[in-house]
Amino acid sequence: MIKTMKINRWGDALGVRFPSEFVRTMRLRDKIYVEMTTRGDEIIIKRAPELLPLEDLIANCSEWDGNPPEKYDWGEPQGRELI
């Protein structure tokens, strides 16, 4: 499915609207994330992998067995870190 769309200014950015048939076909919705890249003179937009909540990421970490470490030694300060 090929459509010619116009690029419009939205504030300081540029944007392209997705036609409703693209929205239906790709099951797009408001506030989802997409990945954008270029290849030659093409702009490629793909649905971004869904981000998991931190709790789910920690729960799936077998190294901790559900018990995260109390402290982690990051070493001596290297710059202007506040401790």
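Just so you know, all these numbers are worked out from the coordinates, no wet-lab data involved. None of the values given here were measured: they were computed from a predicted structure. Here the Cβ is made from the backbone with ideal geometry for all residues, glycine too, and neighbour counts use every protein chain on show.
The length gained by stretching the chain between Glu35 and Met5 to full extension, at 0.36 nm per residue less their Cα-Cα distance, is 8.9 nm. Here the range 8-59 is assigned +1 on the Cβ of each Lys and Arg and -1 on the Cβ of each Asp and Glu. Its dipole about the Cα centre then comes out at about 260 debye. Rounded to the nearest 0.05, the FRET efficiency derived from the C-beta distance between Asp56 and Ser20 at R0 = 35 Å is 0.60. Going by neighbour counts of Cβ atoms within 10 Å, the residues Met26, Met36, Met1 line up, fewest first, as Met1, Met36, Met26. For Arg17, Arg27, the sequence from fewest to most other C-beta atoms within 10 Å is Arg27, Arg17. Each residue of the range 70-79 was assigned a 3J(HN,Hα) from its phi angle through the Karplus curve 6.51 cos²θ - 1.76 cosθ + 1.60 (θ = phi - 60°); the sequence is 6, 9, 10, 7, 8, x, 6, x, 10, x Hz, with glycine and proline shown as x. For the chain, the relative contact order is 11 percent, taking Cα pairs closer than 8 Å that sit 6 or more residues apart in sequence and dividing their mean separation by the residue count. Fewest neighbouring Cβ atoms within 10 Å first, the residues Ile2, Ile58, Ile43 line up as Ile2, Ile43, Ile58.
Legend: Rg and Dmax of the range 8-59, from Cα coordinates, 14.6, 43 Å.
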